[in-house]
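Student: Here's a structure for you.
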Amino acid sequence: MARTALLNVMVNAALKAGRGLSRDFGEVENLQVSLKGPGDFVSAADRRAEEVLIAELARARPGYGVLAEESGTTEGTDSAHRWIIDPLDGTMNFLHGIPIFAISIGLEREGTMVAGVIYNPIMNELYVAERGSGAYLNDRRLRTAKRNKLADCVIATGMPHLHRPGQDSYLEELRRMMRNVAGVRRTGSAATDLAWTAAGRFDGYWQHGLQPWDIAAGVIIAREAGVLVTDAAGGNTMLEGGSIAAGNETIHRHLLGFLAPDS
Ligand code: IPD
Ligand code: CA
Ligand code: CA
């Protein structure tokens, strides 16, 4: 697959930041046994990865705005374009030495997601998509899972963290889901959940309480693989509202039926 200049810029930034995260992940594995744990070290690794990403992207596309988890909003001189960046999605996994985490870079043009890159440097999985050109994992074209019977389906989800609202309504949703599907999975990385749904590993995915940087890249990658992605009400406010439901047309319809009406 020949990559466009834009995707090359995004991929190179992700690979560079990924090398740093890989090294730091090795160190985290050593720090596991210390009493203090690797908390501060991980925060520093997270910030370093974000700095690398922003520097690389700005070098190639000066003027684009940025929304990044650690440094927030930076207005650009080019008001049409905005990078939406999570330097480390799956922090809790990273902190615990679990190798399911990813760098996530989305590009928005005039308010529409037009390109996305998700990279897990430990699994060596690079997911890319550009609007209208399909989604790829390490150069292999991705397609949504075709399963239509819920009883055959594995559905991914994310749970409200400690002290976050919405736990009771979430548990109702989970109960409805568990009674109907073959299995429910929780990776701890929303970017990974969407990438794996794009790859057909998961038949669907739902979650609430997300931030735009968790899902910006994943939304376009999943859509370009043919996955239907909406908010919990079937609309298009995933980035603003933080809820998401994804799957092929049939599974997506079932998921919306299970989601709490007020979420
Ligand atoms: C988190 C992950 C997780 C989701 C949380 C996010 P972080 O991002 O995406 O899957 O359940 O809501 O905050 O904190 O690891 O970047
Ligand atoms: Ca995140
Ligand atoms: Ca993060």
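Student: Looking at Ala45, is it aliphatic (A, V, I, L, M), more than 24 Å from Trp196 (Cα to Cα) and within 16 Å of ligand 1 (Cβ to nearest atom)?
Tutor: yes
Student: Residue check: is Leu142 away from ligand 1 (no atom under 16 Å from the Cβ), more than 20 Å from the chain's Cα centre (by Cα) and at negative phi? Walk me through it before giving the result.
Tutor: Values: away from ligand 1 (no atom under 16 Å from the Cβ): yes; more than 20 Å from the chain's Cα centre (by Cα): no; at negative phi: yes.
Here the answer is no, as Leu142 does not meet what is asked.
Student: Taking the stretch 48-73 as the search range and keeping residues that are away from ligand 1 (no atom under 16 Å from the Cβ) and of a type in the set (Lys, Arg), which one is farthest from the chain's Cα centre (by Cα)?
Tutor: Selected residue: Arg59.
Student: If I filter the stretch 162-174 for residues that are under 16 Å from Ile100 (Cβ atoms) and either over 18 Å from the mean Cα position of the chain (by Cα) or among the charged types (D, E, K, R) (or both), do I get at least one hit? Show your work before the answer.
Tutor: Of the stretch 162-174, the ones under 16 Å from Ile100 (Cβ atoms) are none.
The answer is no; no qualifying residue exists.
Student: Shifting gears a bit: Of the conditions (1) away from ligand 3 (no atom under 15 Å from the Cβ); (2) within 27 Å of Gly37 (Cβ to Cβ); (3) assigned by TED's automatic domain parsing to the domain that holds Thr237, Val154 satisfies every one except a single condition; which number is it?
Tutor: Here Val154 meets the rest and fails (2).
Student: Give the residues of the stretch 233-252 that are over 14 Å from the mean Cα position of the chain (by Cα) and either in the same structural domain as Met113 (by TED's automatic domain parsing) or surrounded by fewer than 24 Cβ atoms within 10 Å (Cβ to Cβ) (or both), sorted by residue number. Quick ask: steps written out before the conclusion?
Tutor: Residues of the stretch 233-252 that are over 14 Å from the mean Cα position of the chain (by Cα), as a first pass: 233-237, 240-241, 247-252.
Result: Ala233, Gly234, Gly235, Asn236, Thr237, Glu240, Gly241, Asn248, Glu249, Thr250, His252.
Student: Among residues belonging to the stretch 50-69 that are surrounded by 18 or more Cβ atoms within 10 Å (Cβ to Cβ) and acidic (Asp, Glu), point out the one that is nearest to ligand 3 (Cβ to nearest atom).
Tutor: Applying the filter and picking the extreme gives Glu69.
Student: Among the residues of the stretch 87-108 satisfying the criterion of being more than 14 Å from Glu69 (Cα to Cα) and of a type in the set (Val, Ile, Thr), which is nearest to ligand 1 (Cβ to nearest atom)?
Tutor: Filtering first and then ranking leaves Ile100.
The rows are residues; the columns are (1) crowded, with 17+ Cβ neighbours inside 10 Å; (2) modelled with pLDDT under 95.
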{"position": "Lys16", "(1), (2)": "no, no"}
{"position": "Ser34", "(1), (2)": "no, yes"}
{"position": "Pro38", "(1), (2)": "yes, yes"}
{"position": "Arg82", "(1), (2)": "yes, no"}
{"position": "Ile85", "(1), (2)": "yes, no"}
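Student: Just checking, which of Thr187, Thr144, Thr91 is within 18 Å of Ala245 (Cα to Cα), within 15 Å of ligand 3 (Cβ to nearest atom) and either in the same structural domain as Glu56 (by TED's automatic domain parsing) or buried (at least 21 other Cβ atoms within 10 Å of the Cβ) (or both)? It would help to see each step written out before you state the result.
Tutor: Details: Thr144 fails: within 15 Å of ligand 3 (Cβ to nearest atom); Thr91 fails: within 18 Å of Ala245 (Cα to Cα).
Among Thr187, Thr144, Thr91, only Thr187 is within 18 Å of Ala245 (Cα to Cα), within 15 Å of ligand 3 (Cβ to nearest atom) and either in the same structural domain as Glu56 (by TED's automatic domain parsing) or buried (at least 21 other Cβ atoms within 10 Å of the Cβ) (or both).
The values are calculated or read from the model by the stated rules, or taken from the named source; none is laboratory data. Nothing here was measured: the structure is a model prediction, and the numbers come from that model. Cβ sites come from the backbone with ideal geometry, for glycine too, and all protein chains shown count toward neighbours.
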